[in-house]
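One structure below.
Values in this text are rule-based calculations from the coordinates and carry no lab data. Note that this is a predicted model, so its numbers are computed, not measured. Cβ: placed from backbone, ideal geometry, glycine included. Neighbour counts: every protein chain shown.
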Amino acid sequence: MSATPNPLFAHLRDLHAHMAWADAVWFHLWGKSGFKDDPDLLQRMQHTADVQTAFLMVLREEEVLFPGDKPTPEFNRLRAVTRSNHEAFSAFFRAMDPEDISRVVLVPWFPGRPCRVTIAEALTQVAMHTQHHRGQFMTRLKALGGQPQNVDYIIWAWKDRPEGRWDEQE
């Protein structure tokens, strides 16, 4: 591993640490909301978790497999998969040489010409994609009568970059 910190690597690691914290907060809010069976939230969360899983496969240079039609998992299963994904991203960062972020990987699910991006771009996409949907989750939760919470990056930084706490209240 490189002894000198790579600023882009450190920033991407922070984006993913924020993502883990924000998703843990989201699942806590969703779990206590009384709307754990909302089909829109379940389907959208399944999509988000599936994309995180697929990008982990890309980053590990594994074959990306998309299961065919499958039933939408229930809340606890989605929570477990999302938590596992965040643990895997954290392990990926710990094992990766910071200079590897410029290595190119193939994102195989786009039609047409191959989608080749750097590891840095793939990691950025996962964080941005998850943030996009998390905003939709909070909006849906509010529309259902639940209590959303601001989980912006700046809030995470202001709170001294807490880890995601999956087993306790935020």
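Label-to-label distance for ALA80 and ASP40 is 2.8 nm, based on points extended 7 Å past Cα in the beta-carbon direction. Among the trypsin sites (Lys or Arg not before Pro) in the range 37-77, those placed in a DSSP loop whose Cβ has at most 13 other Cβ atoms within 10 Å are ARG60.
Length available on full extension from ASP14 to ASN150: 0.36 nm per residue minus the Cα-Cα distance, which gives 47.2 nm. Please go through the range 87-159 and write out the chymotrypsin sites (Phe, Trp or Tyr not before Pro) that DSSP classes as loop and that have at most 16 other C-beta atoms within 10 Å. Those that pass, being in a loop and sparsely packed, are TRP109. How much mean residue ellipticity at 222 nm does the chain get from its helices, if each DSSP H run of length 4 or more adds -39500 (n - 2.57) and you divide by all residues, to the nearest 500 deg cm²/dmol? Theoretical 222 nm ellipticity from helices: -20500 deg cm²/dmol. Dividing the C-alpha radius of gyration of the chain by 2.2 N^0.38 Å, with N its residue count, gives 1.06.
A Gaussian network model of the chain, with springs between Cα atoms under 10 Å, assigns the largest mean-square fluctuation among PRO98, PRO39, PRO114 to PRO114. Taking Cα atoms, how many degrees apart are the long axis of helix 75-95 and the longest axis of the chain, rounded to 10 and kept between 0 and 90? The angle comes out near 20 degrees. When the GluC sites (Glu not before Pro) in the range 2-95 are filtered for DSSP coil states and for at most 16 other beta-carbon atoms within 10 Å of their beta-carbon, the remaining sites are GLU61, GLU62, GLU63, GLU74.
On the principal axes of its alpha-carbon atoms, the range 97-155 has extents of 44, 30, 12 Å, going from largest to smallest.
Relative to the longest principal axis of the Cα atoms of the chain, the long axis of helix 7-33 lies at roughly 20 degrees.
Taking label points 7 Å from Cα along the Cα-to-Cβ direction, ALA143 and GLN125 give a separation of 2.7 nm.
Centre-to-centre, using Cα atoms only, the range 101-170 and the range 1-44 are separated by 6 Å. For the chain, the longest principal axis of the Cα atoms and the long axis of helix 119-144 meet at an angle of about 10 degrees.
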